[in-house]
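Enquirer: There's a structure below that I have some questions on.
The values are calculated or read from the model by the stated rules, or taken from the named source; none is laboratory data. Treat the numbers as computed from the prediction; the structure is a model and nothing was measured. In this analysis, Cβ positions are derived from the backbone assuming ideal geometry, glycine residues included, and neighbour counts consider all displayed protein chains.
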Amino acid sequence: MRGEPGGRGNAFTKVRRHRVDGRSRRHLASTVGPGRWKVRTMGSRVLGLIDTAIIVVVIVAVVGFYVAEQAPHAETLVVWSCGGNYHALNHFAREFEQRHGVKVRYTAAPVEYLLEQIVAGEGHPDLIVGRAGPGWEALEQVGKLSEGPDSFAADPYVIITPAGNPGGVTGVEDLQRPSVRVAYSPHAMRPKGKCPSHLMGMLDAKVYPSLAERWENNAIERSHCARDLLRLIEQGRADAAIVASSMTRYPGVDAEAIEVVPIPVKHQDMMKSCRGTIGQCVGVLAEAANPEMARRFRDEMLGETGRQVFESFGYIHISSSEIGQWKPFLKTFIPKQMPPWQVLLGDMLADAGIHREALRRYLKVIYTFGPNPQEAYCRYRAGELLAEQGNVQAAIGQWRRLLRDFPRTGPSEYGGRIFAMVCEAPELDIRSDEHYVALARSGIEKLAGEAAPPQSEPLPGMHSEPPMVIDGDPPKNGTREFALAEDLFLCGEYEYATRDYLKVVHLCYSSRYAPQASYKIGLCDWMRGHHDVARRQWRRTIERFPTSTAARDAAAAVQRAGAEEAVIDIPAAPVEMPAWEPIHDTWPERGMTYGMALYEHRLPLFAFKEMVKLLHGEYGQHEMAAQARYRAGVAAWAAGHPDAAVLEWRLCESRHAGSAWTRQAHEALQAARAWTDLPQGQRAALERALDGPLPSPPKRNKPPCWMRYCLAREFIDVGVLDQGQAALELMKALTVTRASGGKYDTSVVPKAEAELRKLL
Amino acid sequence: MKRITILRRISQAVFFGISGTWLAIGALRCPFGVPFVSCQSCPSTDCPGRYLQIPFIGLMALTGAVFGRAFCGWACPFGFISDALGRLPKLQATVSERFAGVDRALKLLKWPALALTVYLVFAVNYTEVRPWAYVVRADSVFNLEAIEVAQALGDPVYVTRAWVALGALLAGLIVSRAWCRYLCPLGAFLGLTNRFSLLRIGKRDESLPDCGLYPRECIQRTTPGTTDCVICGECVEGCPRRNLGLRSRYGHGTADVEAVGGTGPSHRAVG
């Protein structure tokens, strides 16, 4: 019966019945038989009172603790710092409290954001402590800094190894040995994520070619958090990791289980954008509620008390005898921002109608210099350029990727208000990510009807997506170059994709993407119609990387491709390109190997460009100038510029007298003079080049802006103006070289602008 | 006041003392999207989660295997707050009883909540790129500035979770243990252990009919043996016939475990 015990009806119906019959419930309770514990129902009122009391106690406890945190102290000092300083500074703050009877309210978070809040007037600490990044400059600009910033310590990078150093690691160069298991944390915040990778990238570029790639290849762990590295080393699961010195003294780290191998100052001095992470600064804020106490806190940080605390936490204190060598790092540092300049270059190229280079430039912003705040704009512009060229499928692909990746949530650590305030960058009309998402969405809708239906893969790997690049990827490493090449491939830009795949194989030698890049080079050759070259490349992939999936794809491609021969005519030349065996020991040798690979894959214009870059010192000092000059001539002839070839050979003859290549250049000139298989116009140009004046020699050891200008001059002097390469180099002299290494010489601007006007 | 309520409050208070800081930081400053899950890989160092997580997982596993969802009723720090909050207003009892159908429907929400949480754990906490937001550390859990900084960092993780926590607290004022009953994904997960735990709350004498008092006595407004039961024991002590107790699920009715109740059914009451 409904409502009766055991009857039908829901539980609440039953409850109501019993509540109505309160007497019967009490009766039941009182008639419970003998038991160990009798039911003592004191009623909901009593229980309510007790629970109310619990809440009151909890609230009183919470409020009491909070008040205790605030009230009993006559003075409260509010200290903000970057997260990395947390342990040392928390310890120092607690001791300071005891010494002075004040309360130190301490918060640690990414310092750039704390600084942003202070600059925006949203935070009011008395004191701020952090790495020597650009935020300090911003604080000074807005007048928020009362005193300082004062450097109180250095926190350099060190290598940590398990006790006994089983990997035998004595320096960074050992991290590339195949037997060394390394761990790193590319996903961590900048000081522990990007900066060790940046350090390795810089050492790779300047001292130990392939160091960064081999270091990455040796990684047994790519962690999200740098603290995991300590655990891996303590447990002996990795042989080495690069960490900030202060991390070796974090609470909980077993000092007996790790050994510290210092990284020389000269190596750390090669860092560019991450230099600011080593110096540690403190500043008293202008709006400090308690400036006297803040100054005392700062003074003690800089003094003996601070020395004892910070040295015990792994820092090199400002008063330490070791600090002298770290002096270059004890000042605030403003990194240069490359992405906005690259965007400007892309825009200039697009405006000049050099669309293919503009497309590559926009994609470079994403992959070579990403992540950055300009990505959504660049992705949208890439799609727009492709749509203008009628490549609807690729345009939609770009915009779909834009919709997939944007808008990004949360703040980004690679650009913000602080960077915009203090870093020199061009004025760009870039709007919010949402704006480009909306444009991309409407673009897709417009083009959807024109898009061709998706096609099946005639050969493996035709539709593979680029790998994701992160802030912790070393600069210009194999991952970044491969991702760029993959996207160019998807855009149908097979020549440009070949260039970047070849960079992966030769300039980023030892990259883990080399097998895939090697296979994709063949695929590009195939798509460009050079089927014989494609087949050769695939066979080479199978030989070099026999166990890779790329080799399997290459074997399938060889089988599917059949025996169809090349359909592209190759212009005949009076001389052959001398053979070159790939060498990757030094950067100039890599440059030469890369240039020759471009030639082999029938991209003579770009081979010519690499030779000219070698000549102008882009790859550093070398003894291959005569050879590069001679090869530049052969490449120029193959690119359809016999006059440029003749000029190069004449320059080789005149500037490198005594070299074995001079004789070859002389023979080439004789062969060129006798060469008749040329159209009339080219023959006349050849005659003029054979007997005309020679261009003036370029200067060596130029700053980057002049190097680019001289490159452009050489292109113009010898008459190689194809694909806007000369204009590109002039535009680089005006834009991206402002943010590259070395001092920018503004005297290049009028000259470059004048040349550019003539060209365009 | 029931003796079992006192015991439970003591247990809850002890566990609240141990894990209250973890709860507060998890709700307000955990850098991961789903808190209390990724503590072993968390870069925060001022949160006790890294040390407490494994013991708590062990506790949940053990109590889950033996008692079912007892963790929720006896050790969960948020359950402690919810229990206390639920007693404050008169409103909650009225709401619960008037809207029994709604209550049953809302209880089903915990399953999508569990599914959503599992999805979010994999989508947000375990991503290829760094899964955690910017970490904010502080000298004390009562440092409100640290919470303000976390909120001001602009990361949706902090703001969203703060609103969820506040919503859970406010809902607890209207409906007793609203979060635990309707939305708690951990509770839903632990509720599954009620299906196979060694012990369960059950009748001593199966032949006796239900009196129907369970929901009134129960802090979860449910009946023993369901996935909502948190083994609070209120029904055992509140049963007028002394017919409920902890019983072995896999025995043949012989392993009658007397946890807090009487010695057996009262023949007088049954009569």
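Enquirer: Tell me, please, whether a residue that is closer than 25 Å to residue B:136 by Cα and within 12 Å of chain B (Cβ to nearest Cβ) can be found in segment A:195-207.
Expert: No, segment A:195-207 has no match at all.
Enquirer: Moving to a separate point now. Would you mind stating whether residue A:127 is buried (at least 23 other Cβ atoms within 10 Å of the Cβ) and either assigned by TED's automatic domain parsing to the domain that holds residue A:272 or touching a helix residue (DSSP H, G or I) at 6+ places or on another chain (Cβ under 8 Å) (or both)? Break it down stepwise before answering.
Expert: Working: buried (at least 23 other Cβ atoms within 10 Å of the Cβ): yes; either assigned by TED's automatic domain parsing to the domain that holds residue A:272 or touching a helix residue (DSSP H, G or I) at 6+ places or on another chain (Cβ under 8 Å) (or both): yes.
So residue A:127 passes the test.
Enquirer: In the set A:478, A:492, which member is small (Gly, Ala, Ser), in contact with a helix residue (DSSP H, G or I) (Cβ under 7 Å, 6 or more places away or on another chain) and surrounded by 24 or more Cβ atoms within 10 Å (Cβ to Cβ)?
Expert: On the way: A:492 fails: surrounded by 24 or more Cβ atoms within 10 Å (Cβ to Cβ).
From the options A:478, A:492, the qualifying one is A:478.
Enquirer: Restricting the search to segment A:236-250, which residues are within 14 Å of chain B (Cβ to nearest Cβ), surrounded by fewer than 23 Cβ atoms within 10 Å (Cβ to Cβ) and not in a helix (DSSP H, G or I)?
Expert: A:244, A:250 - these are the residues of segment A:236-250 that are within 14 Å of chain B (Cβ to nearest Cβ), surrounded by fewer than 23 Cβ atoms within 10 Å (Cβ to Cβ) and not in a helix (DSSP H, G or I).
Enquirer: Let me ask something else. Where in segment A:534-646 are there helices (runs of 4 or more DSSP H), lying fully within it, with 3 or more residues that are free of Cβ contacts under 8 Å to residues at least 12 places away in the same chain? Working first, answer last.
Expert: Numbers: elements: A:549-561, A:587-600, A:604-615, A:625-638.
Qualifying helices (runs of 4 or more DSSP H): none found.
Enquirer: Filtering segment A:88-109 down to residues that are at the interface with chain B (Cβ under 7 Å from one of its Cβ atoms) and outside any strand (DSSP E or B), which residue is surrounded by the most Cβ atoms within 10 Å (Cβ to Cβ)?
Expert: A:109
Enquirer: Of these, B:130, B:137, which one is within 8 Å of another protein chain (Cβ to nearest Cβ), charged (D, E, K, R) and free of Cβ contacts under 8 Å to residues at least 24 places away in the same chain? Show your work before the answer.
Expert: Working: B:137 fails: free of Cβ contacts under 8 Å to residues at least 24 places away in the same chain.
Testing whether each residue is within 8 Å of another protein chain (Cβ to nearest Cβ), charged (D, E, K, R) and free of Cβ contacts under 8 Å to residues at least 24 places away in the same chain leaves just B:130.
Enquirer: Right, another one. Within segment A:208-227, take every residue that is within 11 Å of chain B (Cβ to nearest Cβ) and buried (at least 20 other Cβ atoms within 10 Å of the Cβ) and give me the one that is farthest from residue A:258 (Cα to Cα). Let's see the steps before the verdict.
Expert: Let us first name the residues in segment A:208-227 that are within 11 Å of chain B (Cβ to nearest Cβ), namely A:222-227.
Among the residues that remain, those that are also buried (at least 20 other Cβ atoms within 10 Å of the Cβ) are: A:223-227.
On the way: A:223: 19, A:224: 21, A:225: 18, A:226: 15, A:227: 14 Å.
Of everything passing the filter in segment A:208-227, A:224 is farthest from residue A:258 (Cα to Cα).
Enquirer: So residue B:171 ticks every box in (1) free of Cβ contacts under 8 Å to residues at least 24 places away in the same chain; (2) farther than 22 Å from residue B:230 by Cα; (3) touching a helix residue (DSSP H, G or I) at 6+ places or on another chain (Cβ under 7 Å); (4) away from chain A (no Cβ under 11 Å) but one. Which box is left unticked?
Expert: (2)
Enquirer: OK, next. Within segment A:660-682, can one find any residue that is surrounded by fewer than 22 Cβ atoms within 10 Å (Cβ to Cβ), in a helix (DSSP H, G or I) and basic (Lys, Arg)?
Expert: Yes, segment A:660-682 contains a residue that is surrounded by fewer than 22 Cβ atoms within 10 Å (Cβ to Cβ), in a helix (DSSP H, G or I) and basic (Lys, Arg).
Enquirer: Does residue B:36 fit the bill of being assigned by TED's automatic domain parsing to the domain that holds residue B:120 and at positive phi?
Expert: yes
Enquirer: Of all residues in segment A:207-224, which are out of contact with any His (no Cβ under 9 Å at 6 or more places or on another chain) and of a type in the set (D, E, K, R)? Spell out the reasoning first.
Expert: Step one: filter segment A:207-224 for residues out of contact with any His (no Cβ under 9 Å at 6 or more places or on another chain), giving A:208, A:211-221.
Matches in segment A:207-224: A:213, A:214, A:216, A:221.
Enquirer: So, one more: Mind checking which residues of segment A:702-722 are outside any helix (DSSP H, G or I) and within 27 Å of the chain's Cα centre (by Cα)? Break it down stepwise before answering.
Expert: The first filter runs over segment A:702-722 and keeps only residues outside any helix (DSSP H, G or I), leaving A:702-703, A:719-721.
Result: A:702, A:703.
Enquirer: What tally of residues in segment A:656-683 results from selecting those that are at pLDDT 90 or above and among the β-branched types (Val, Ile, Thr)?
Expert: Adding up the residues that qualify gives 1.
Enquirer: While we're here: Show the residue pairs that are 6+ apart or on different chains and have beta-carbon atoms under 7 Å apart, the first residue being within segment B:221-249 and under 28 Å from residue B:114 (Cα atoms) and more than 10 Å from chain A (Cβ to nearest Cβ), the second being among the polar types (S, T, N, Q) and in a loop (DSSP other than H, G, I, E, B).
Expert: From residues that are under 28 Å from residue B:114 (Cα atoms) and more than 10 Å from chain A (Cβ to nearest Cβ), the pairs are B:228/B:220; B:228/B:222; B:229/B:220; B:229/B:222; B:230/B:220; B:249/B:197.
Enquirer: Which residues, taken from segment A:345-386, are of a type in the set (Val, Ile, Thr), over 18 Å from residue A:432 (Cβ atoms) and within 23 Å of the chain's Cα centre (by Cα)? Please lay out each step first, then the result.
Expert: Residues of segment A:345-386 of a type in the set (Val, Ile, Thr): A:354, A:365-366, A:368.
From what is left, the residues that are over 18 Å from residue A:432 (Cβ atoms) are A:354, A:368.
Passing the criteria: only A:368.
So that you can scan it fast, the table gives a plain yes or no per residue for (1) surrounded by fewer than 20 Cβ atoms within 10 Å (Cβ to Cβ); (2) not in a helix (DSSP H, G or I):
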| position | (1), (2) |
| --- | --- |
| B:182 | no, no |
| B:186 | no, no |
| B:191 | no, no |
| B:205 | yes, yes |
| B:208 | yes, yes |
| B:216 | no, no |
| B:222 | no, yes |
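Enquirer: Of the residues A:112, A:221, A:137, only one is under 26 Å from the mean Cα position of the chain (by Cα) and in a strand (DSSP E or B); which?
Expert: Values: A:112 fails: in a strand (DSSP E or B); A:137 fails: in a strand (DSSP E or B).
Within the list A:112, A:221, A:137, the selection yields A:221.
Enquirer: Further question: Take the conditions on the phi > 0 side of the Ramachandran plot and either in a loop (DSSP other than H, G, I, E, B) or surrounded by 24 or more Cβ atoms within 10 Å (Cβ to Cβ) (or both) and apply them to residue A:121. Does it pass?
Expert: On the way: on the phi > 0 side of the Ramachandran plot: yes; either in a loop (DSSP other than H, G, I, E, B) or surrounded by 24 or more Cβ atoms within 10 Å (Cβ to Cβ) (or both): yes.
Considered against the rule, which asks whether it is on the phi > 0 side of the Ramachandran plot and either in a loop (DSSP other than H, G, I, E, B) or surrounded by 24 or more Cβ atoms within 10 Å (Cβ to Cβ) (or both), residue A:121 comes out as yes.
Enquirer: Sort out which residues of segment B:208-220 are among the acidic types (Asp, Glu) and more than 7 Å from every other protein chain (Cβ to nearest Cβ), and write them in order of number. Spell out how you get there, then give the answer.
Expert: Here is the first cut: in segment B:208-220, the ones among the acidic types (Asp, Glu) are B:210, B:217.
Passing the criteria: only B:217.
Enquirer: Please identify the pairs in which a residue from segment B:31-50 that is free of Cβ contacts under 8 Å to residues at least 60 places away in the same chain has its Cβ atom under 7 Å from the Cβ atom of a residue that is acidic (Asp, Glu) and not in a loop (DSSP other than H, G, I, E, B), counting only partners at least 6 apart or on another chain.
Expert: B:41/A:228
Enquirer: Residues of segment A:107-135 being polar (S, T, N, Q) and within 26 Å of residue A:318 (Cβ to Cβ), which ones? Lay out the reasoning, then the answer.
Expert: Of the residues in segment A:107-135, the ones polar (S, T, N, Q) are A:107, A:117.
A:107, the sole residue that qualifies.
Enquirer: Do the conditions hold for residue A:197, that is, is it among the small types (Gly, Ala, Ser), under 14 Å from residue A:271 (Cβ atoms) and either surrounded by 20 or more Cβ atoms within 10 Å (Cβ to Cβ) or outside the structural domain of residue A:304 (by TED's automatic domain parsing) (or both)? Please lay out each step first, then the result.
Expert: Values: among the small types (Gly, Ala, Ser): yes; under 14 Å from residue A:271 (Cβ atoms): yes; either surrounded by 20 or more Cβ atoms within 10 Å (Cβ to Cβ) or outside the structural domain of residue A:304 (by TED's automatic domain parsing) (or both): yes.
It is true that residue A:197 is among the small types (Gly, Ala, Ser), under 14 Å from residue A:271 (Cβ atoms) and either surrounded by 20 or more Cβ atoms within 10 Å (Cβ to Cβ) or outside the structural domain of residue A:304 (by TED's automatic domain parsing) (or both).
Enquirer: Can I ask one more? Based on what the data block shows, is residue B:164 exposed (fewer than 15 other Cβ atoms within 10 Å of the Cβ) and hydrophobic (A, V, I, L, M, F, W, C)?
Expert: Yes: the conditions hold for residue B:164.
Enquirer: Can you pull out the residues in segment B:22-59 that are under 17 Å from the mean Cα position of the chain (by Cα) and among the polar types (S, T, N, Q)?
Expert: B:53
Enquirer: Considering only residues of segment B:1-17 that are facing chain A (nearest Cβ under 8 Å) and under 18 Å from residue B:244 (Cα atoms), which is modelled with the lowest pLDDT?
Expert: Looking at residues that are facing chain A (nearest Cβ under 8 Å) and under 18 Å from residue B:244 (Cα atoms), I get B:2.
Enquirer: To continue, here is another question. Got at least one residue in segment A:684-698 being modelled with pLDDT of 90 or more and not in a helix (DSSP H, G or I)?
Expert: no
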